[in-house]
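Have a look at the structure below before the remarks.
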Amino acid sequence: MMLPETFSRRDWFGNVFTAMAGLGLTDLLSQEAQGKSTVWKAGVGQTHHPAKAKRVLQIFCPGAASHLDLWDYKASLEKNAGKPLPGEEKLVSFQGANGGLFPSPWKFAPAGKSGKMLSSMLVHMSKHADDIAFIHSMTSKTNTHGPGCIFMNTGHAVEGFPSAGAWVSYALGSEREDLPAYVAITDVRGEPPNGKANWSNGFLPAQHQGIMMAAHQPIRNLNPPKELSTEHQKALTDLLSTLNKNYAQTDPGNTDLQARIAAYELAGKMQLSAPKVMNLAEESAADHKRYGTDHENKLVAAYARNCLLARRLLERGVRYVNLYCASRASGADGLLNWDAHKTLKADYERHVPIFDQPTAALLTDLKEKGLLKETLVLWTTEFGRMPTQQAGTPGRDHNPDGFTCWMMGAGVKGGISYGATDEFGRRAVEKVTTVWDFYATVLHLLGFDHTQLTVRHNGLDRRLTDVHGHVIKEILN
């Protein structure tokens, strides 16, 4: 091809850059045609990098379960029992003044090959010590139960933000059309502090909120009227689906409408799937015995049935399951949850047996069925307890400055402890960890860069980890 006589140096450079842009566009279109688009898309199972985990089980013990009486052994409490906490002799915490140092009423014993020191109350859970990565340096921004639960579940201490499960539902979408991506299993004793805000979709589309299920509480309004035949119902739902979709096309930006349509369609499909997944009678007598569903303690039996339901949901492809052990606070401290201000010994001798056997059975079951290889298990609570005795009572006050959470399963090293509180368990002093670090690690295992999983809301790129967070690489395989 002959170049025009007027073709200048500037023309040459302009044509080169145009050509380069065209080549780039051609490459992008080629990738897209081959299903290899470089632009990440939410809700289709696409990740930023290869994932170790496909699903998450988050066990939550509301009421601020005491790290000092479960997971974090402190010999110094026994040696200095009754003495003032050094440097904080006149400490005033959430409910007032504190007395002397208060050793755990229960002995600790080494567990597993790792020799991890755990409370002797954890008879069944101690068998999993070599599979767990304990994070002993967790911290919170609040010492109040409601905001604390919200903070641990959403990365923000105020309501209105999506929970971790909602973010995962948004990012990955559902594996199945007839079950939700995200389920919250509530305790028979009630919802946790701040209730449904713990599994809220926040500003994400409404379809990503957690669906409440529990073995003791069938999903409401799921069963069709007896007089409605299957054929008649299908004709009605097909018509409704057509009308909804036609209407949605007139307002394509209305995510609430789209979510409502998706929710109705899911509900229709769950009329068949949910009764089956909740039919615990399909499980063997041996499994029921192992979990404790027939336990003489009705609270143990109820939580055991929820644990069994959690496994059935996970093995059927539910992305994220929140499993609650205990509920919101009551007038009698420690009766309904782990908030042991006044009667620590009596409270935990009530709560630990409810938690111990069924949870351990669930973990064993996941491992034996091969599900643990792709299931990330989290144990969380909103904050810890003080190493001192709450003034005038044999209990512990709130402590957001150092407590324990843990992970196990897909991609997590077992039998290790990360970070540490001081010799009395008062404050995190080694490798201090935040909720944002915790979830940065969770998202990493699910295949996401937590800084890139964002949604534009009110002019800001919002994310689960706010503007913080680092992946805790030391606990990863």
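Read-outs throughout are calculated quantities, based only on the coordinates presented, and are distinct from any laboratory measurement. The shown structure was predicted, so the numbers you read here are calculated from the model rather than taken from an experiment. For neighbour counting, all protein chains shown are included, and Cβ atoms are generated from backbone atoms with ideal geometry for every residue, glycine included.
Within the stretch 111-211, the proportion of Cα pairs with more than 21 Å between them is 52 percent. With R₀ set to 45 Å, the beta-carbon distance separating E177 from L460 gives a calculated FRET efficiency near 0.85.
Antiparallel DSSP bridges in the chain: what percent, to the nearest 5? Among the beta bridges of the chain, antiparallel pairing accounts for roughly 55 percent. Label 7 Å along Cα→Cβ of E88; the stretch 140-179 residues with amide nitrogen under 15 Å? Counting only backbone N, you get 140-144. Ordered by the number of other Cβ atoms lying within 10 Å of each residue's own Cβ, fewest first, T186, T242 fall into the sequence T242, T186. Between H128, H468, A302, the Cα set farthest toward the positive side of the dipole of the chain (charges on each charged residue's Cβ, about the Cα centre) is that of H128.
Do you know the relative contact order of the chain, to the nearest whole percent, from alpha carbon pairs under 8 angstrom that are 6+ apart?
Once normalised by length, the contact order is 27 percent.
Among beta bridges identified by DSSP and lying wholly in the stretch 292-440, the antiparallel ones come to about 100 percent. Taking the Cα centre of the chain as origin and assigning +1 to Lys and Arg Cβ atoms and -1 to Asp and Glu Cβ atoms, the resulting dipole is close to 460 debye.
Counting only the Cα atoms, the stretch 351-477 fills a convex hull of 155 Å³ per residue. Count the net charge of all other residues whose Cβ sits under 15 Å from the Cβ of R319, scoring Lys and Arg as +1 and Asp and Glu as -1. Around R319, the surrounding residues sum to +2. Using a cut-off of 9 Å between beta-carbons, work out the net charge of the residues near T139 (Lys and Arg +1, Asp and Glu -1, T139 not included). Around T139, the charge tally is +1. Distance between the C-alpha centres of the stretch 37-63 and the stretch 155-220: 15 Å, rounded to the whole angstrom. Only the Cβ atoms of Lys and Arg (+1) and of Asp and Glu (-1) were treated as charged; on that basis the dipole of the stretch 324-477 about its Cα centre amounts to roughly 160 debye. In terms of overall dimensions, the C-alpha atoms belonging to the stretch 286-332 reach 39, 26, 8 Å along their principal axes, ordered largest to smallest. The value obtained for the chain, namely the Cα convex hull volume divided by the number of residues, is 208 Å³ per residue. A410 sits among other residues whose Cβ lies under 9 Å from its own Cβ, and their net charge, with Lys and Arg +1 and Asp and Glu -1, is +3. Rounded, prolate or oblate: which one fits the stretch 53-132, using the alpha carbon gyration tensor with axes a ≥ b ≥ c (rounded when a/c is under 1.5, else prolate when a/b beats b/c, else oblate)? Oblate, since a/c reaches 1.5 and b/c is not below a/b.
Within a 10 angstrom radius of the beta carbon, how do Y170, Y439 rank from fewest other beta carbons to most? Taking fewest neighbouring Cβ atoms as first place, the list is Y170, Y439. Residues C149, C405, arranged from fewest to most other Cβ atoms within 10 angstrom of their Cβ, appear as C405, C149.
Once the convex hull of the C-alpha atoms of the stretch 387-450 is built, how many Å³ does it hold per residue, rounded to a whole number?
Normalising the Cα hull of the stretch 387-450 by residue number yields 107 Å³.
Placing unit charges on the Cβ atoms of the charged side chains and taking the dipole of the chain about its Cα centre, the candidate lying farthest along the positive direction among A346, T454, S327 is A346. Once divided by 2.2 N^0.38 Å, the Cα radius of gyration of the stretch 415-477 becomes 1.34.
May I ask which residue of T404, T421, T364 lies farthest towards the positive end of the charge dipole of the stretch 354-477, with charges of +1 (Lys, Arg) and -1 (Asp, Glu) on Cβ and the Cα centre as origin? Selected residue: T364.
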